[in-house]
1. Scanning segment 150-182 for residues that are modelled with pLDDT under 95 and open to solvent by 70 Å² or more (accessible area, probe 1.4 Å), which turns out nearest to Leu14 (Cα to Cα)?
2. Restricting to segment 21-33, and then to whatever is touching a helix residue (DSSP H, G or I) at 6+ places or on another chain (Cβ under 7 Å) and not hydrophobic (A, V, I, L, M, F, W, C), can you tell me which residue is surrounded by the fewest Cβ atoms within 10 Å (Cβ to Cβ)?
3. Restricting attention to segment 107-142, report how many residues are part of a helix (DSSP H, G or I) and touching an Asp or Glu at 6+ places or on another chain (Cβ under 8 Å).
4. Tell me which residues, restricted to segment 55-75, are assigned to a helix (DSSP H, G or I), in contact (Cβ under 8 Å) with a residue 24 or more places away in the chain and surrounded by 14 or more Cβ atoms within 10 Å (Cβ to Cβ).
5. Quick one: is Ala86 open to solvent by 40 Å² or more (accessible area, probe 1.4 Å), of a type in the set (A, V, I, L, M, F, W, C), closer than 29 Å to Thr48 by Cβ and part of a helix (DSSP H, G or I)?
6. For segment 23-38, state whether one or more residues are in a helix (DSSP H, G or I), over 22 Å from Leu120 (Cα atoms) and in contact with a Pro (Cβ under 8 Å, 6 or more places away or on another chain).
Amino acid sequence: LLHVVSLLWIPVLLVRGATYGVFNGMTPMMGANEVGWSEVQITGVVGTSQLVTGLIGMTLGGWLGDRFGAKRSTIAMFAAFLAMGAVLWAIPEHWSSPATFVGFVYAWGTINILLTVVSLPISMRLCDPRVAATQFTLYMALNNLGISLGAWTLGLGEELGGMRSLFALVFGLHVVGLAVMVLVRFPRRSEVEDQVAAQLAEDHGPEPPLN
């Protein structure tokens, strides 16, 4: 639980949670203040995006993890968040466009669900078999703490300079998350798998029948 590699996973969890907290709060702000939509219109777009991104997470998320591995896929999702944040930070004059708003909602929702799906195996691999349930619960609690911290930063938005500063803040968080993922060697297999493999009998199997 207190291994260095496990402790280095904490910033990634906090960044992942803070991203959701900030963007989830920014969505109605942008929809109402920039686009001028009503609560019903914003809710309709958000609800549809959650359905679509959920389906994407169940299908594409699993495929990405199997095809490229948890670490590479997590790095790719952080890179995608960086690209999205940089674009939105650079085009504040287009925030009032409904197309930009809808694109923002679907983009951050899709990347967020994919990041969650592809990074979960790393959390499970880091869990010590002796305290796996407790350790995984702590990881989820840290992610929720990140969500709370992200939502809290929305209150500082005006003091920091508005939504553009929030995009810059989240961009910086993603740089941290990406750096940790690139520099730290997280386990590719679970300790449970190694322990089970070590206990398996290594004798020869039954002789195949001869015709």
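1. Within segment 150-182, the match that is nearest to Leu14 (Cα to Cα) is Trp152.
2. Taking the candidates together, the pick is Pro28.
3. Final tally of qualifying residues: 3.
4. Answer for segment 55-75, where residues must be assigned to a helix (DSSP H, G or I), in contact (Cβ under 8 Å) with a residue 24 or more places away in the chain and surrounded by 14 or more Cβ atoms within 10 Å (Cβ to Cβ): Ile56, Gly57, Leu60, Gly61, Leu64, Gly65, Ala70, Lys71, Ser73, Thr74, Ile75.
5. So Ala86 passes the test.
6. Scanning segment 23-38, I find at least one residue that is in a helix (DSSP H, G or I), over 22 Å from Leu120 (Cα atoms) and in contact with a Pro (Cβ under 8 Å, 6 or more places away or on another chain), so the answer is yes.
The values are calculated or read from the model by the stated rules, or taken from the named source; none is laboratory data. Please read all numbers here as calculations on a predicted model, not as lab measurements. Because the Cβ atoms are built from the backbone with ideal geometry, glycine has one as well, and the counts that use them run over all protein chains shown. The accessibility values were calculated without ligands, DNA or RNA, using every heavy atom of the protein model including side chains. Shrake-Rupley method; radii C 1.70, N 1.55, O 1.52, S 1.80 Å.
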